[in-house]
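Only the coordinates and a few stated rules stand behind these numbers; no lab work does. Since we're looking at a predicted model, the values are computed, not measured. Glycine also receives a Cβ, built like all others from the backbone with ideal geometry; neighbour counts cover every protein chain displayed.
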Amino acid sequence: MAKIPSDEELIQMMSDLSNWGRWGEGDQLGCLNLITPDKIIAATKLVTDGHTVSCARPITTDPAADVTYQVQRFMVDSGEGRATDTVERQINRKGAAEFIGMVFHGQTITHIDALSHYSWRGLMYNGVPADLVTSKEGALSHSIEPTGDGIVSKGVLLDIAKLKNKPWLEADEAVYPQDLEDAERLQGVKVTEGDILLIHTGNYERRIKEGAVDSRQPMTACQAACAPWFKERGISMLGTDTSNDIRPTHYPDVTTSPMHILCLVTLGLWLIDNCNLQDLSRECDTRNTYEFMLTLGPLKLNKVTGSPVNPIAIF
């Protein structure tokens, strides 16, 4: 088994890996700064036939055990009774509409974590006070807003489930740096600066196969030992088919979410939680390529700590 960093080593990483000040004191982008215009242009050249694959899970309003927070739907108007309405009402009543309310952070909905989503010892990325996220006004700093024009870069899928020759990793099988490098060699791909890294563990397939998996059950993810590798390779975003933290944590006396703190707070590395990488994995296997253009269009939300998102891989 790969070495699990100690509590002391974990805390030291929070200092040693820091990107605070790297792009200026007022920086709001963090590792998204690594997606340069040249990087975007290079990503477009990976498109050969225009085939698209969604990396998002469906958002359902149906109750289920794996729904962290129930999505609410309220129909403002529907199509019911249209055929028996009076002629006058049929003329004036044509549309259907609904209200949808959700807490997208959690174990269920595919979403982006903005840099305001987590803090450590009272500070967010770049040393900004955590109390700038207020109950009245929301995220006054480090919100989702800087991503409003969209995110485009080269996406790379590292298929750890395939590496292990399993449909999914078991809860006690964390992902370590050696796994990432072994997957690179197996797939003939290299993660480089500015890439959006997607890691397939098979967690979503497990949820489908076993039915609704209780969100409190143990779950695999990248071990905190991967954080130095992420900085060394210079990835711009990290997305997995998990919520990006092992459950139960290896560090109950330090933090319940070490990867969220190391990525969002220390590195300024934006996270994509709860992806559906099942279809993407199959498409990459069929094409024998694990590189593609990846696009994300976060909602243009004001002073919010993240956004639901539908990442689209384009081949």
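Here are the numbers:
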{"quantity": "Residues in region 235-269 that a label on Ile40 would reach, taking backbone N under 19 Å of a point 7 Å out along Cα→Cβ", "calculated": "235-238"}
{"quantity": "On Cα atoms only, tilt of 278-287 relative to the major axis of the chain in degrees", "calculated": "70"}
{"quantity": "Cleavage-rule hits, trypsin sites (Lys or Arg not before Pro), region 66-132, DSSP coil, Cβ neighbours within 10 Å at most 11", "calculated": "Lys94, Arg121"}
{"quantity": "Inter-site label distance for Asp131 and Arg282 at 7 Å from Cα along Cβ, in nm", "calculated": "5.2"}
{"quantity": "Using a Förster distance of 45 Å, the FRET efficiency for Asp85-Glu210 (Cβ separation, nearest 0.05)", "calculated": "0.50"}
{"quantity": "Rounded if a/c under 1.5, otherwise prolate or oblate - region 248-315, Cα gyration tensor axes", "calculated": "oblate"}
{"quantity": "Cα centroid separation - region 1-42 against region 245-285, whole Å", "calculated": "14"}
{"quantity": "9 Å beta-carbon shell around Arg93, net charge (K/R +1, D/E -1)", "calculated": "+1"}
{"quantity": "Calculated [θ] (222 nm, deg cm²/dmol) that DSSP helices of n ≥ 4 give over the chain, each run adding -39,500 (n - 2.57)", "calculated": "-5500 deg cm²/dmol"}
{"quantity": "Cα gyration tensor category, rounded, prolate or oblate, for region 1-159 with a/c compared to 1.5", "calculated": "prolate"}
{"quantity": "Per-pair calculated FRET efficiency, R0 = 25 Å: Lys166 and Ser54 via Cβ, rounded to 0.05", "calculated": "0.60"}
{"quantity": "Pair Thr256, Ile4: separation of 7 Å Cα→Cβ label points (nm)", "calculated": "1.8"}
{"quantity": "Helix 177-187 axis, angle to the chain major axis (alpha carbon atoms, nearest 10°)", "calculated": "70"}
{"quantity": "Pairwise label distance in nanometres, Ser78 with Gln12, each label 7 Å out on the Cα-Cβ vector", "calculated": "6.1"}
{"quantity": "Coil-residue GluC sites (Glu not before Pro) of region 176-283, DSSP, other Cβ within 10 Å capped at 13", "calculated": "Glu210"}
{"quantity": "Cβ-placed point charges (K, R +1; D, E -1), dipole of the chain about Cα centre in debye, nearest 20", "calculated": "600"}
{"quantity": "Largest to smallest principal axis extent of the C-alpha atoms in the chain, angstrom", "calculated": "72, 48, 42"}
{"quantity": "Principal-axis tilt of helix 7-16 within the chain, Cα atoms, nearest 10 degrees", "calculated": "80"}
{"quantity": "Charge sum, other residues only, whose C-beta stays under 13 Å from Asn126's C-beta, Lys/Arg counted +1 and Asp/Glu -1", "calculated": "-1"}
{"quantity": "Anchor Lys166: lysines whose Cα lies under 18 Å away (excluding residues fewer than 8 positions away in-chain)", "calculated": "Lys209"}
{"quantity": "Cut-off 12 Å between beta-carbons: net charge of the residues surrounding Glu9, Lys and Arg +1, Asp and Glu -1", "calculated": "-2"}
